[in-house]
1. Where Rh denotes the Kirkwood radius from the mean inverse Cα pair distance, what is Rg over Rh for region 257-310?
2. Go ahead and run the numbers for FRET between I176 and T51, Cβ-Cβ distance against an R0 of 25 Å, rounding to 0.05.
3. Extension gain K375-E87, at 0.36 nm per residue separation less the Cα-Cα distance, in nm?
4. Given springs between every Cα pair under 10 Å in a Gaussian network model of the chain, which of L302, L274, L136 has the largest fluctuation?
5. What's the magnitude of the charge dipole for region 337-406 around its Cα centre, counting Lys and Arg as +1 and Asp and Glu as -1 at the beta-carbon? Answer in Debye, nearest 20.
6. Take every Cα pair under 8 Å in region 290-426 that's 6+ residues apart, average their separations, divide by the length, and report that relative contact order as a whole percent.
7. Averaged over every viewing direction, what's the projected area of the C-alpha convex hull for region 159-232? Give it in nm², one decimal, please.
8. Be a star and scan region 293-317 for residues whose amide nitrogen sits under 20 Å from the point 7 Å along the Cα-to-Cβ vector of E193.
Amino acid sequence: MNILLIGSGGREHAIAWKLSQNENIKNIFCAPGNGGTAKENKCQNVDIKVTDFDRLIQFAKENDIYMTVVGPEDPLALGIVDRFESEGLKIFGPNKMAAKIEASKAFCKEIMVSANIPTAFYGEFTDFESAKKYVLEKGAPIVVKADGLAAGKGVTVAATVEEAIDALKEIFIDKIFGDAGNKVVIEEFLKGEEASFLAFTDGITVVPMVSSQDHKPVYDNDKGPNTGGMGAYSPAPVMTEKLYNFALNKIAYPLVEELKKRNIVYKGIIYAGLMIDGEDVKVLEFNCRFGDPETQPLLMRLESDLLEIFDACINQNLKEIKINWYSEPTVCVVMASGGYPKDYKKGYEITGIDSAEQLGNVKVFHAGTKLENEKVLTNGGRVLAVTARGKDLKSTIKLAYSAVEKINFKDMHFRKDIAQKALRRL
Ligand code: AMP
Ligand code: GLY
């Protein structure tokens, strides 16, 4: 069997690594992939952009692809699943209408309100003056969100009214997000601790993954600007059993049901970004795909075969399969380029990956890397996701950081406190 995997991040390397463990899979083609997928067992990169649907379809037809798996949100939002399905090709991920839960924050809020899913109060605006008026009325702190996809940069958590108005100016007047900023959602600031709730769904049944937590701000103790995620771990003790059941029954199922009422069958991954304040849970956002870096520690805990799960989602028989997880915790530390999340340089040689993995129970997932003349070079902001599995959280954190210590590249930086929040709760 051959698989076509779309994307180039740490998330996609983790999916490729997990799929490669299925004996029936012979080849995994990664479009465009990264330095890690270039070297992974059974994997090879193909130089096709994630949004070049014509070439991806042609490739799938010419290479006897059993299933195409989509990592990132952009191709999903542009309707890659609809295109592949109309060609009779099997593909894992939500269709264009379903992907709108991530591609439009206004649509996402409307769905949540209709389905009674707890979320922050909000207003929706299409012009600067009325948005500004709302901010002045509500006061700070307040959160400004560009409606469309903005590569994770569309949200401003404004501590002051001025900051919120500046964000509105950038969106409506400077048009920094282009059409993604034609509409804005302004919402109530929520306090608490964030957690990621991810689940598989076939549009009928929802099967949650184990819990996880991302670390969005760039510096220790959640200081500095937000990034795509500087590290993650699983399980997240902030997600008590009660909250986990609430997330399944009062958030994920109502989402799938509400979409069904609108004739949208959601197949794929549901990712709910949650804000937890004691017993109170609210949804910050829905994503229509695996999280990055949450996928790295999650898939390292997945015992079951991933292809079987993807097939069950597509064939709508998720209810019939059993998904098993290892009980041991996992911790993932992201190593980033100097300057990230702002400007950074690329092309520095990375050393020590093999010695990190030789520690055992460590997998170094690549994100922004490329392979050139047998050398692994930095090629993005988030470079590596060093992931460890151990017998308890404390020793797993230690193992992950021992692995990080073996790795070196110019100007690298990483957070030193990944999973400390969990440790404080144990
Ligand atoms: P989003 O893309 O909507 O998840 O927002 C990105 C990040 O902004 C979240 O992970 C939170 O850290 C923060 N954020 C979003 N909405 C809120 C809110 N209503 N209150 C506080 N923080 C928020
Ligand atoms: N880890 C955040 C995201 O994948 O959106």
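The values are calculated or read from the model by the stated rules, or taken from the named source; none is laboratory data. Just so it is clear, the structure is predicted and the values come from calculations on it, not from any experiment. Heads up, the Cβs are rebuilt from the backbone with ideal geometry, glycines too, and the neighbour counts pull from every protein chain shown. Keep in mind that these areas ignore ligands, DNA and RNA; they rest on the heavy atoms of the full protein, side chains included. Shrake-Rupley method; radii C 1.70, N 1.55, O 1.52, S 1.80 Å.
1. My calculation of the ratio gives 1.04.
2. 0.75
3. 99.8 nm
4. Ranking L302, L274, L136 by mean-square fluctuation puts L136 first.
5. For region 337-406, the charge dipole is close to 280 debye.
6. 29
7. Mean projected area for region 159-232: 7.6 nm², to one decimal.
8. 293-295, 297-298
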